[in-house]
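Engineer: Got a structure for you, written out below as structure tokens; questions coming shortly.
The values are calculated or read from the model by the stated rules, or taken from the named source; none is laboratory data. Given the structure is predicted, the values throughout are model-derived calculations rather than measurements. All Cβ positions, even for glycine, are placed from backbone atoms using ideal geometry, and neighbour counts span all protein chains on display. Just so you know, the surface numbers come from the protein's heavy atoms only, side chains and all, with ligands and any DNA or RNA stripped out. Shrake-Rupley method; radii C 1.70, N 1.55, O 1.52, S 1.80 Å.
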Amino acid sequence: MLDQTFDIEGLEIQVLASDPGPDPTTFVLVHGIGVAASYFRPLAEELSRHGRVIAVNLPGFGPTKDPDRTVRISQHARVTREAVTRVGAGQAVWVGHSMGTQVVVEAVAQDPTIASRVVLLSPVVNRAERGALTLARRFTVSAARESVPSAMASVKALLGGGLGSFFRAFPIMLDYPIEERICAIDVPTLLVTGELDETAPRSWLDELAEACPGETHVDVVGHASHQAMYTRPAVVADLIVKG
């Protein structure tokens with residue numbers, strides 16, 4: 001397992017990567033707001049049976065240094081692209097969750113050659129509800145539907161680092177026009193949400209799918225909320241692998 005931290009554009013980013021195996025597929029995992037790569041562990045274990053897994057800790061989240069300034073989605077994307085390139089990701093399946101879907105969309109929009117496929121898990125923010133209070137309520141309701149281990153994984157990551165970055169990133173996440181930037185992606189794209197996730201309802205994913213020029217597909221995971229990749233890792237991994 002490779003654990004490497006880089007300073008790129010004055011920002012600290014950590015890359016956790018499994019050793020290359022016989023399967024040429026590489027999966028890049030990008031976490032959401034306020035959390036860290038650690039909550040991808042169940043999904044990463046499932047995906048590691050099908051290829052190399054690379055997970056990042058974005059600047060200011062998890063163990064990485066708080067930059068003490070606002071980092072826009074476009075810069076997160078540039079820094080992430082450079083970091084995974086340095087560990088030899090090649091053309092990979094890029095998987096983002098929550099705010100991480102914005103980073104993935106922006107990264108692939110900036111350089112389409114990095115991705116063979118894109119997977120967006122619970123993409124935010126629903127254009128019909130792009131308000132701070134509304135989104136906070138949706139997050140709260142969705143969080144209440146998580147399993148205890150899933151909720152604790154997020155709380156642990158949040159308290160372990162990222163509170164300052166969380167509050168600076170929240171308005172940036174709200175303003176990012178994912179429904180516009182996704183138009184720049186022309187690779188097969190899978191959009192996934194949990195049936196109990198009010199932050200990313202099926203209607204919103206359908207809207208994103210219609211905006212995507214490439215081959216797109218929408219899947220809903222039963223008995224799951226916002227963190228379906230934690231509570232239903234085998235199901236989500238199967239969707240990712242099959243595309």
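Engineer: Which ³J(HN,Hα) values in Hz, rounded to whole numbers, follow from the phi angles of the range 190-198 under the Karplus curve 6.51 cos²θ - 1.76 cosθ + 1.60, where θ = phi - 60° and Gly and Pro get x?
Structural biologist: 10, 10, 10, 9, x, 5, 9, 8, 7
Engineer: Work out which helices of the chain, taken as complete DSSP H runs, extend at least 27 Å along their axis over the Cα atoms and score a mean Kyte-Doolittle of -1.0 or more, then list them.
Structural biologist: On the way: long enough: none.
Helix filter hits for the chain: none.
Engineer: Moving to a separate point now. How would you classify the range 1-126 from its alpha-carbon gyration tensor, with a ≥ b ≥ c the square roots of the eigenvalues: rounded for a/c under 1.5, else prolate if a/b is greater than b/c, otherwise oblate? Spell out each step's value before the answer.
Structural biologist: Values: a/c = 1.43, a/b = 1.29, b/c = 1.11.
Note, shape of the range 1-126 comes out rounded.
Engineer: Going by amide H atoms built from the backbone, whose H comes under 5 Å of the H on Thr216, apart from near neighbours?
Structural biologist: Thr189
Engineer: Next up: Suppose every Lys and Arg Cβ carries +1 and every Asp and Glu Cβ carries -1, with no other charges. What dipole size does the range 1-58 come out with about its Cα centre, to the nearest 20 debye?
Structural biologist: Its charge dipole is roughly 200 debye.
Engineer: List the trypsin sites (Lys or Arg not before Pro) in the range 1-72 that DSSP assigns to loop (not H, G, I, E or B) and whose Cβ has at most 16 other Cβ atoms within 10 Å. Which are they? Kindly include the intermediate steps, with their values, before the conclusion.
Structural biologist: Values: sites: Arg49, Arg52, Lys65, Arg69, Arg72; in loops: Arg49, Lys65, Arg69, Arg72.
Sites meeting the loop and neighbour criteria: Arg49, Lys65, Arg69, Arg72.
Engineer: Under a 10 Å cutoff between Cα atoms, tell me which one of Thr80, Thr64, Thr113 has the largest fluctuation in the Gaussian network model of the chain.
Structural biologist: For the chain, modelled as a Gaussian network with Cα springs under 10 Å, the answer is Thr113.
Engineer: In nm, give the distance between the simple-model label positions of Ala132 and Asp7, each being 7 Å from the Cα along the Cα-to-Cβ direction.
Structural biologist: Once both label points are built, they end up 3.3 nm from each other.
Engineer: I'd like the distance between the alpha-carbon centres of the range 100-161 and the range 35-95, rounded to an integer number of Å.
Structural biologist: So the separation of the two Cα centres works out to 13 Å.
Engineer: With +1 on each Lys and Arg Cβ and -1 on each Asp and Glu Cβ, how big is the dipole of the range 151-243 about its Cα centre, in debye rounded to the nearest 20?
Structural biologist: So the dipole magnitude of the range 151-243 works out to roughly 560 debye.
Engineer: Something else now. Please work out the average accessible area per residue across the range 28-161, using the 1.4 Å probe convention, and give it in Å².
Structural biologist: On the way: 5060 Å² over 134 residues.
On a per-residue basis, the range 28-161 sits at 38 Å².
Engineer: Would you kindly state how much longer the chain becomes between Arg202 and Leu163 on full extension, computed as 0.36 nm times their sequence separation minus their alpha carbon distance, in nm to one decimal? Could you put the intermediate results ahead of the total?
Structural biologist: On the way: separation 39, 0.36 × 39 = 14.04 nm, distance 2.96 nm.
Gain on stretching Arg202 to Leu163: 11.1 nm.
Engineer: To continue, here is another question. Determine the gain in length on full extension of the stretch Val241-Asp66; use 0.36 nm per residue of separation and subtract their C-alpha separation, reporting nm with one decimal. Present the calculation step by step, with values, prior to reporting the outcome.
Structural biologist: On the way: separation 175, 0.36 × 175 = 63.00 nm, distance 3.37 nm.
This chain segment gains 59.6 nm when fully extended.
Engineer: Using a 1.4 Å probe on the protein chains only, how many percent of the accessible area of the chain belongs to carbon and sulfur? Show your work: numbers first, answer last.
Structural biologist: Numbers: 5290 of 10010 Å².
Using a 1.4 Å probe with all protein chains present, the chain comes out at 53 percent carbon and sulfur.
Engineer: Using 0.36 nm per residue, how much length does the chain from Leu174 to Glu215 gain when fully extended, once their Cα-Cα distance is taken away?
Structural biologist: Working: separation 41, 0.36 × 41 = 14.76 nm, distance 2.63 nm.
Between Leu174 and Glu215, full extension yields an extra 12.1 nm.
Engineer: Given 20 °C and 1.002 mPa s, how large is the Stokes-Einstein diffusion coefficient of the chain in µm²/s, with Rh as the Kirkwood radius over Cα pairs? Please list the in-between numbers first.
Structural biologist: Details: Rh = 17.3 Å.
Translational diffusion coefficient: 124 µm²/s.
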